[in-house]
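I have placed the structure first, in the form of structure tokens, so that the comments after it can refer back to it.
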Amino acid sequence: MAKIAQVECDGMTQVISHLLHKNSIEHVVAGGELVDLRRVNDPAGGRGADCGVTHWWLELGFGYIIDFRARMWMGPHAQHGVFIPKEGRIEYRTQRRGHFKPLSEPILDLMAETSVSGWPAFD
């Protein structure tokens, strides 16, 4: 899905949240800032907005995150997929948690430029 769906972090979060709901997997939508700590701590580096971006991801239980778009903004050193965030260069700063208003599958298909509605249930 991450390579197929042509969406940024908010759209990918919507699509994956829909698939998780469809399969009765509990999760929370999280939004906030994705911060590059190397830039923050580099005196020659950028300031403020140059160090972080507004970002959306999903949180599962036990500290797991689902994020397939961090690398879009932070490069190859950002964690990718389903993972427990490790301390390092990239930090997730959660500012809000909740749920998106569900979108219909035809809208998700159009938004993602792929058949989200055709994805089978997880095994």
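Just so it is clear, none of the values below were taken in a lab; they were calculated from the coordinates. Small disclaimer: the values here were computed from a predicted structure and weren't measured. Cβ coordinates were reconstructed from backbone atoms using ideal geometry, including for glycine residues, and neighbour counts include every protein chain displayed.
Evaluate E = 1/(1 + (r/R0)^6) for GLN95 and SER117, where r is the Cβ-Cβ distance and R0 equals 30 Å; express this FRET efficiency to the nearest 0.05.
Once the sixth-power term is evaluated, E becomes 0.45.
Angle between the Cα long axis of helix 9-22 and the longest principal axis of the chain, 0 to 90 degrees, nearest 10?
The answer is roughly 40 degrees.
How large is ³J(HN,Hα), in whole Hz, for each residue of region 52-69 in order, when computed from phi with the Karplus curve 6.51 cos²θ - 1.76 cosθ + 1.60 and θ = phi - 60°, using x for Gly and Pro?
Result, ordered by residue: x, 9, 5, 8, 10, 7, 10, 10, 9, x, 6, x, 7, 10, 10, 8, 10, 10 Hz.
If you wrap the chain's Cα atoms in a convex hull and average its projection over all directions, what's the area in nm²?
If you wrap the Cα atoms of the chain in a convex hull and average its projections, you get 8.0 nm².
Normalising by the residue count of region 10-112, find the relative contact order in percent from Cα pairs under 8 Å and 6+ residues apart.
Dividing the mean separation by the residue count of region 10-112 yields 34 percent.
Which ³J(HN,Hα) values, rounded to whole Hz and listed in residue order, are derived for region 110-116 from phi using the Karplus coefficients 6.51, -1.76 and 1.60 in 6.51 cos²θ - 1.76 cosθ + 1.60 with θ = phi - 60°, glycine and proline given as x?
Each residue of region 110-116 in turn: 5, 4, 8, 6, 7, 8, 4 Hz.
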